[in-house]
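Accompanying notes for the structure given below.
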Amino acid sequence: MAFPRSDDAARRAEDAAALDLGPEARRALLDAMHEMVETYLAGLDVDSPSFVEAGPDEGALAVPEEALPLDRVTALLEREVLRPGGHAAAPGHLAYITGSGLFASAVADYVAAATNKFAGLEATGPGLARMERAVLRWAADLVGYPPGAGGYLASGGSLATFAAIVAARDAHRLGAADVPRAVIYTSSQAHHCVHKALHLAGLGEATLRPCDAPRDAGRTGSAGDGRLDPATVARAIADDRAAGRRPWLVVATAGTTDTGVVDPLEALADVAVDTGCWLHVDAAYGGAFLLTEHGRRVLRGIERADSLILDPHKGLFVPWGLGIVLTRDARALAAAHAGSGAYLQDAEEPDDVSGSLGGADSAASFSPADLSPELTKPFRALRLWLPLALAGVAPFRDALDEKLALARHAYDRLGAAGFTMGPVPDLSIVTFRWIPTGLRDGADDAAIEAANRRIHEALRHDGRIFLSSTRVDGRFTLRLCVLGFRTRRPSVDLAVRLLTDAVRS
Ligand SMILES: *Cc1c(COP(=O)(O)O)cnc(C)c1O
């Protein structure tokens, strides 16, 4: 293929014009997509499916060489993409950690993408960078972080964790030679993204020391607690130090993925300060509950963390694709993510970049790219800013209080129906198992597991309520997570009814 000749440009431009939609084509596309979305959203009610098995046609979505008509495109999307699998936006989706997808955020993504302003650098997107800082400052205030805090709007909790781990590594000057001696203290319930981030950060050979609270002998039969125990951490750190190892990082979880328990943050912060360790708090799931009075009580001490993450695409109802990392000192993120190139010389800021979210003079002086692994990235701030600007904070707080109340309602009702309940929910996750009469916990675990698998299968078959299962203390355990803004009392009552029906049959 020859390089196109210069007088080819006009002819090529005619063919390429299909990429540059005019006002009418834009309107037609928007109308078609809007109708498709409206049909989808209108179908989300208490009786709509929360999970649908995928059809057999693997090839239906192969990229076509020739353009498809619009109605063919929407039909394909509806049948092959929107319908199969889990429906996180549906009110009966109580599996994993639920998301729900604020419509205002979806529109924000549309605005951000259609205008395609560059969100990575202050110089090219000053308004975008300011909005990112405003959203981060809002999150930092929610946590109780000081003016010197800094942050990064990531794609989710996993990448946010990665940025935090790298910041912690560099703040403690862990070099390659230190890695085999480095020790991390966390509970067995820590999210696997922590392990992944350690590996990605070159710390895969460090020692991960699980320091769960000792089991309460009186509580056998109920699901385990799996909380990180400050006294156990303190003892392990002293032992490791005596053995010549290098205690470095304490990772607490504020709302574990499996059971929703919150580690004792205040006491863990004391241990971290006493031992000179970095404290990271994974509040991916639990962080949003800081909007509620109950959440603030349960998460007390989170403001003492050196770094933390929280996921607006979980408890703040934003569509998938937004996680926040914050460090109490912005310089930790900035030092870990510094970088530049000659091609950026026109966009470079002055040397006195503080990177903090603080006072008016310091706040305006860093670019998002200075505090994160990303340079080019989507304009994520708008997907949180727009729904907050349109609704105010109060509806978010009320929705989260409602989720807490509904989780407690599910806990009470399932307990009354004879299920063996896990711990009283710290937040909005409820764990439980059915132990059939005549079977003994511990002695008949295989038969108990089979019974609970059948219950899970029955709900899956019905489709309206989507629950997930896990293992707690090695035992097959059912769980439900109340977190979607569309999940109201009728869906929780339906879940309880389907579960009790499944037990009876
Ligand atoms: C969801 C979750 C994560 C991972 O976040 P992603 O946004 O899925 O990458 C980390 N920690 C906890 C406790 C979580 O619930």
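A short reminder: the numbers here are calculations on the coordinates, not readings from a lab. Every value quoted in this text rests on a predicted model; they were computed, and no experiment measured them. Neighbour counts run over all protein chains shown; Cβ positions are idealised from the backbone, glycine included.
Quick look at the values:
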quantity	calculated
Proxy reagent accessibility, fewest Cβ within 10 Å first, across His337, His87	His337, His87
About the Cα centre, charge dipole magnitude for segment 278-333 (Lys/Arg +1, Asp/Glu -1 at Cβ), debye	120
For Leu382, Leu44, order by how many other beta-carbon atoms lie within 10 Å, fewest first	Leu44, Leu382
Summed side-chain charge close to Asp31 - residues other than Asp31 whose Cβ falls under 11 Å, Lys, Arg +1, Asp, Glu -1	-1
Relative contact order of the chain, defined on C-alpha pairs under 8 angstrom at six or more residues apart (%)	22
Cβ-derived FRET efficiency at R0 25 Å, Ala75 paired with Ala10, nearest 0.05	0.10
Among Ala238, Leu21, Val281 - extreme Cα towards positive end, dipole of the chain, charges at beta-carbon	Ala238
Rounded to the nearest 20 debye, dipole of the chain from Cβ charges on Lys, Arg, Asp, Glu	1400
Counted charge near Arg413, where neighbours are those whose Cβ lies closer than 13 Å (Asp, Glu -1; Lys, Arg +1)	+1
Footprinting exposure proxy for His461, His93, His191 (fewest neighbouring C-beta atoms within 10 Å first)	His461, His191, His93
CD proxy at 222 nm, helix term only [per DSSP H run n ≥ 4: -39500 (n - 2.57); per residue of the chain; nearest 500]	-12500 deg cm²/dmol
Förster radius 25 Å - calculated FRET efficiency between Asp270 and Asp178, Cβ distance, rounded to 0.05	0.50
Rule-of-thumb Rg ratio for the chain [Cα; 2.2 N^0.38 Å; N residues]	1.07
Environment charge at Ala451 (Cβ cut-off 11 Å; Lys +1, Arg +1, Asp -1, Glu -1)	-1
